[in-house]
Every structure is written in structure tokens, then in C-alpha cells.
Amino acid sequence: MAATVESSGVRWPDLAGAALVLLAVLALYGPLIPQTRLLERDDQRLVEPLRKLAGPGDYVDAVRAGRILDVQPVRDLSYWLELRFEAATGLTPFHATNVLLWLLAVALVQRLLAVRHQGFTLWLLVLLFALHPVFVGSVAWVAARKHLLSAVFTLGATVLVVRAKHWSAGKSAATAALYSLAVASQPITLLWPLWGAAELWRRGPTERRSAVQLFLACVPSLLLAAAVNFLYYRGAYVQQVGVEKFVDAEGTGGVALLSVGRAFANLVFPVALATQYSPGSVLNLVGLAALVLVAAVSLKFRPRGDVLSALGFFAFPLLVVTVRMTSIFLSDPYLLVPSVGVAWLLALWLPGERKVRAPQVALALVPLAFAVASHALVPTWSSESALWAHAAEVEPTPNALAKHAYYLAQQGRAHEALEVATRLGAWEPSHPEYPLVLARAVFLDSTLDVERKLELLHASGLRGGWPAYFTGLLELQRGHRVEAGAALDEALADATPFKAEVATVAAEAHLLCLQDGRVDCAERTAAVRAKAGPAWNEARFQARLAQQPR
């Protein structure tokens, strides 16, 4: 990203361009700012454990107790400060903070692109970036805060490297500090020092000592972040969530390439954006082929060093989540930093002179299309039901269908939920949420009588867990107490499927046990409590006992 254009100071076209970008971003994301509700999808899990913490000591205790998800203290600090602000003012600033961070990221991208372009071309590129629909989830989703923070700090460090005419120890220290904040927000930018050092190195022999200095300044944070996250995701994370963060490395190379292909496709062909993606989508292959073609053509017809720098900036964050694949195929917030490499690659193809030419004129229509697409996506992040309905429509995956069925039933649309759950069962009957969403939809479907519901549950072939629980409730509805008790006992034989709901299920069995006059009810419940372990919620158990028996 070598500098080729120098700004001669603030000019009216720059003020107009900045004002246009600011107004466009606020028009797009401003409606999010007053929202006070946090999504269940990670947002509440990340924020709520911080609400009652008084200071750093409480935070350390919460981390040790496993109440804090991930090792991302800068992210957690931002949430904690917002909670203090909310308590003092009554205002909920979570979405406002995300919008502010997005404006900072856009401003830093402008500083990077300004080393090559000025005037109309510069602000056209900035507007393309600011309104790109692939970033809607990063701004609208409070849980994506970690990616926004990491991107802002990483871009700040990148600006220092790219715009520096002369390197110094002070700049190395400042860059290392920004890098440390980035990986303490989200470690996806762990490999940035390799890119930063390479960028200084390629300037020539006079800067190679500076490159080594920069890399060495970042090494302590790199090693610490790598070690801490490796140990956390191999240990405490599995205990907290119940699943591995990273899938087995063997045989995932092809999927990793498809993930990179989809990342590029979402940036250059943003036609099917959702909260989750399928490895089987044709867009993955289209994006991979397009990436290879664009890279080959750019290396042939544009300065090789600049092209490699741009491609490296695109690649280094994705390597962290693809060389060892996470359990998530791809999430759009992963693209915040890689997108800057693609933006720089586009900048290499646009004429550098101030005069507006045909390519810029043709490209000027794209921000309008981006604005329309982004405007349509923003409301899908207003609720879980809207989010997963959109995902199931745009690019169905087993997980998207499971979530969509769950929230349809929650909305009182159980018959539709049953149809979606049936699709899920035909596609992936081994999906861990399939027993819950199918049995729940059957139980809540008001178009079916009790006999038909029991027939469907028995015909599903699902045993234990949620199907057995809802079978027990249905048997109670038709007055078959013995069958109900047997079904609830079968359900609680393995508490694992119920997770945090195990106490509610146990309460149903406990009430039935008491009503039947059995003397071993306390012992039976104690056994379930012991099997449930940390998942047991005594408050939920007591709340259900306090209600009228079914």
C-alpha cells in the first residue's frame, strides 16, 4: 500500500465527501440507535454477566468462575462502560457505540485510500465501503462489537505504517499498543504484525531495520494472545458452551478454501447475505474462482508489490479462522479487515488522476444499489425471528432451519414451525436441535388434537430428551398419569439435551411425583440436580413449583 498521492490539506470537495458519507451512514444505521432490546443470539450472554460487576476485581472473579465468554477484555470493557452509562442516565448506548465505531473505521479507511486517490474517486471508494451490505451485521449486531473494535485498532495501526514517511521507535510502540488492543478485542487480527513488517520491508533496505523493530514490538502481544486463546478454546470454552470452537483439522482444507471463496463473493457479489452460510452454496465456488482470476490479472497488469500487499491484507485475518476451521463456516463480521485489502485492490484499478473517467462514473451507481440492499437488511437484525426467517429464506442451512422453527413456534406460528422442523429432519435428522424444535412445534400446534400429536411424536422415532418431555405433558393432558410419569422419567434419564431448561423439566416431574403420593420425590430430583451440574437453575425450579400444577 505504498503512498502515491499526498493531500495538500482540507478542501471543500473533501468536506462535501465527508458530509455525504456521514449523512449516508446515519441515514442507514441511525434507526438502530434508539433500540434498547438485545438479541438473545450472543448479545445477552455477553452483556448480562457484566451488569453487576463493580470493577476489575469482580471481572477477574467472573472470568475465573466461567461466567465470561471468550478472552476479549477490551470488548468486555466497552460493554461494562455502557452498562454504567445506562445505569446513570437510563439511556441504552449499545447500538450508538457500534455506529460510532463504524464511522471511525470508515474514517480510517479514508486515510488509507487517500494515499492513492483524491477527490471524487476517493470519496466514491469510501462511500462504497461505508454502505456495503456485507457490513450490516457488524454494525447492527451488538455482539459483533469485538470485530468492530479489532478492526478500528488494526486499521489505526495500518494507517501508521502506510502513511509514515519515516519510522521511529515511538511509532513502533504506538503501533504495538494498537495491535495489542486489537487482539484483546478479537484475535482474528493475530497475524497483522507479519503484514505490517512486510509492508515496511518492501520499501527498501533503509526500512528493513524498522520492519524488524515493528515486528519485535508486537511479538509479546502476539505470543500472549495466541497462547491464552489456544488454552481457553481447548478448555474453559468447551465447558461453558459444550462444543469445540475448532473442528478437526483433518479434511477441512477444501472447506477452508470454500470459506475464503465465499468471503470474496460476499464482498464483490453481495447478493445473498445472511447470518450463516452453507459450505454447499455455489457462491462459494464462484467467489473462489473470481478471487483466483482477479489475483492473476492484477498481478499481471498492476504493480506486483501493491497487489501482494492488498491480497495479504485480505488473507491474514481469514487464515486465523480457516487454517484451523472454527465451527462457523463464515460470518460476515470476519470480513471487516479483509475487505480493506479488496478495497485497495479496487483502488489499484481506478485511474489515479483527479479527472473523472468512465470507470468512476460507472462505479458511482453501485453505492446507491448498496444503500438499497443495506436498508433492506437492517430490519432483519431487529429480532431473532426476523434474523432467522431471513437466513432460512436466503440460504437455508440446518442451523438456520432449526432457529427459524424455534422462533416461529415462539411467535405462535407452530404449524409453520412444524413444517420447517420437518424439512430439517429430512435434511439433517442428527442436528442437535431437531428433537426440540420438532417436539415443541407438535406440542404447540393448535390445529392438531392430543391423539394426533402423540402419533406424530411416536412416528418421529425420537426418544428421550425433549420428545419424551412433551410426550409426558401430552399424556397429562389426556389424564394418563402413569404414562406421563414414565415419559418424564425417560426424558430426565439424560439431562444434557435440556441445558438451562433442565430445572423446569425436573419441576414438572417433581410435581407429578408429589401428586401421585410417592415418597422418593426429593431423592429423584436430587439425582437430576446432580446430573445437571452447572446447568441447574434453582430459581427456575422453584418458580415452576410455585405455579399451579398442570
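Details
- Residue match in the range 389-398 (condition: part of a helix (DSSP H, G or I), out of contact with any Asp or Glu (no Cβ under 8 Å at 6 or more places or on another chain) and more than 29 Å from residue 332 (Cα to Cα)): no
- From 65, 3, residue being modelled with pLDDT under 95 and closer than 27 Å to residue 345 by Cα: 3
- Check on residue 182, modelled with pLDDT of 95 or more and more than 24 Å from the chain's Cα centre (by Cα): no
- Filtered residues of the range 169-224 (kept if assigned to a loop (DSSP other than H, G, I, E, B) and over 30 Å from residue 78 (Cα atoms)): 202, 203, 204
- Entry remark, the range 374-388: residues being hydrophobic (A, V, I, L, M, F, W, C), farther than 12 Å from residue 141 by Cβ and surrounded by 18 or more Cβ atoms within 10 Å (Cβ to Cβ) number 1 in total.
- The range 367-408, subset of a type in the set (Asp, Glu) and under 30 Å from residue 343 (Cα atoms), residue farthest from the chain's Cα centre (by Cα): 393
- Residue list for the range 26-49, restricted to those being closer than 26 Å to residue 402 by Cβ and of a type in the set (Val, Ile, Thr): 47
- Set 341, 425: member being assigned to a helix (DSSP H, G or I), of a type in the set (Gly, Ala, Ser) and in the same structural domain as residue 101 (by TED's automatic domain parsing): 341
- Restricting 400, 417, 391 to those that are farther than 14 Å from residue 437 by Cβ and surrounded by 22 or more Cβ atoms within 10 Å (Cβ to Cβ) reduces the list to 391.
- The criterion of being at pLDDT below 95, out of contact with any His (no Cβ under 9 Å at 6 or more places or on another chain), surrounded by 21 or more Cβ atoms within 10 Å (Cβ to Cβ) and not hydrophobic (A, V, I, L, M, F, W, C) does not hold for residue 275.
- Breaking point among (1) within 25 Å of residue 402 (Cβ to Cβ); (2) exposed (fewer than 13 other Cβ atoms within 10 Å of the Cβ); (3) touching a helix residue (DSSP H, G or I) at 6+ places or on another chain (Cβ under 7 Å), for residue 516: (1)
- Among the residues of the range 517-543, the one identified as outside any helix (DSSP H, G or I) and under 16 Å from residue 491 (Cβ atoms) is 536.
- Residue 265 falls short of the stated requirement of being surrounded by fewer than 18 Cβ atoms within 10 Å (Cβ to Cβ) and either among the aromatic types (Phe, Trp, Tyr) or on the phi < 0 side of the Ramachandran plot (or both).
- The range 296-338 - residue that is closer than 19 Å to residue 105 by Cβ and of a type in the set (Phe, Trp, Tyr) and, of those, nearest to the chain's Cα centre (by Cα): 334
- Residue 64 surrounded by fewer than 17 Cβ atoms within 10 Å (Cβ to Cβ), among the basic types (Lys, Arg) and under 19 Å from the mean Cα position of the chain (by Cα): no
- Among the conditions (1) closer than 28 Å to residue 421 by Cα; (2) within 36 Å of the chain's Cα centre (by Cα), residue 477 misses just one, which is (2).
- Only helices (runs of 4 or more DSSP H) whose full extent lies in the range 35-142 are considered here, and the ones with at least 3 residues that are hydrophobic (A, V, I, L, M, F, W, C) are 56-64, 73-89, 94-113, 119-131, 136-140.
- Counting only residues that are within 23 Å of residue 307 (Cα to Cα) and either of a type in the set (Ser, Thr, Tyr) or outside the structural domain of residue 304 (by TED's automatic domain parsing) (or both), the range 198-228 holds 2 of them.
- Qualifying residues in the range 519-546 (those that are free of Cβ contacts under 8 Å to residues at least 12 places away in the same chain and under 19 Å from residue 485 (Cβ atoms)) - the one surrounded by the most Cβ atoms within 10 Å (Cβ to Cβ): 521
- Among the residues making up the range 165-202, those that are small (Gly, Ala, Ser) and more than 16 Å from residue 215 (Cα to Cα) are 184, 185.
- Hits in the range 457-472 - residues which are assigned to a helix (DSSP H, G or I) and surrounded by fewer than 18 Cβ atoms within 10 Å (Cβ to Cβ): 458, 459
- Residue match in the range 37-50 (condition: under 15 Å from residue 140 (Cβ atoms) and either of a type in the set (Lys, Arg) or in contact with a Cys (Cβ under 7 Å, 6 or more places away or on another chain) (or both)): yes
- Residue 176 vs. criteria modelled with pLDDT of 95 or more, in contact with a Cys (Cβ under 7 Å, 6 or more places away or on another chain) and buried (at least 19 other Cβ atoms within 10 Å of the Cβ): yes
The values are calculated or read from the model by the stated rules, or taken from the named source; none is laboratory data. Worth saying up front: this structure is predicted, and the values here are computed from it rather than measured. For neighbour counting, all protein chains shown are included, and Cβ atoms are generated from backbone atoms with ideal geometry for every residue, glycine included.
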